[in-house]
């Protein structure tokens, strides 16, 4: 009998019905989302290696990869040749990133973080962007958040005022936040979006060699921590920020005709937008996730990790200039995450539906 101690499996009603009738094979999966969440995404790297390096590699069908923030970096990495080695490098580079903190400050400037992060992306992808854009099976969709009106430019007073307005508007009615920010998705090979857009103001732009770097950097640009990316080639003019602002966990109306949605995630809840983190009533599953399978770490297992939690952005200030301590803690947590991939591989070989919980 399969025992899951680190991993928990959740499924929407239609996904569970599929599992009961047909089980789960690689060709059943048509969409893989990857959430924003900063260092938390490190905990999914070993699952990524298994999924893209072994399991999905045994099939021939097309798969849509949808990513925001670190999720965009992960899904773009999945499109590289030799993805296992690429994910290994992503893990190393993310864990070992460092930033200079000016005297008297607790955190680096947004300009400094943006410059160093942008250089890191260039070093990582280099001349390999064509591998990402022209992958024979994977269709990459990079989610960004474009500011409108007062948020059309990243200036201190405009940005603070605009996000205050966005927060208040979002608390009242999520679609109304579209007055301040819109979802802009950059899609490789001009692929159709694998989700409906009636839920929120949306634009789609072709992902090209010219806009790949700024689009991915924009998708990772957390407001106030990094600078916005302005006027991405091919897209509407304006300031672009982290895709997690509009779509924190990619709680989207996934198209059922694309197959099952397999979602490696760092928690059970699929929160719609970054500004919904404090709005618990928006953390529940909805009919949009009916065809979704979520793979998430068991909270009891997470409690055994360093500091009893997943790596997160607060660790940068928690450890301060003691980079070796932060690196050691993150490496310990990431090494432990191999158990997530091992348990998922075991479950696939011996599926036990009694272990699949309602999403």
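Nothing in this text is a laboratory measurement; each read-out follows from the coordinates by a stated rule. Given the structure is predicted, the values throughout are model-derived calculations rather than measurements. Cβ atoms come from the backbone with ideal geometry, glycine included; neighbour counts cover every protein chain shown.
When both bridge partners sit in region 165-278, DSSP labels roughly 35% of those beta bridges antiparallel. Altogether, the Stokes-Einstein calculation at 20 °C and 1.002 mPa s, with the Kirkwood radius of region 7-358 over Cα pairs as Rh, returns a diffusion coefficient of 105 µm²/s. Taking the centroid of alpha carbons for each part, region 279-299 and region 12-56 are 14 Å apart. Counted residue by residue at 0.36 nm each, then reduced by the alpha carbon distance between them, the extension gain from residue 357 to residue 345 reaches 2.6 nm.
For the peptides 79-90, 108-119, the ranking by mean Cβ contacts within 10 Å, running from highest to lowest, is 79-90, 108-119. How many angstrom separate the Cα center of region 193-267 from the Cα center of region 307-326? Centre-to-centre distance over Cα atoms comes out at 27 Å.
When only Cα pairs below 8 angstrom with a gap of at least 6 residues are kept, region 7-358 shows a relative contact order of 27 percent. When the Cα gyration tensor is reduced to axis lengths a ≥ b ≥ c, the ratio a/c is 1.5 or higher for region 204-359, and with a/b not above b/c it is classed as oblate. Extension gain, residue 317 to residue 210, is 35.1 nm, computed as 0.36 nm per intervening residue step minus the present C-alpha separation. Of all DSSP bridge pairs formed entirely within region 7-358, close to 40 percent run antiparallel.
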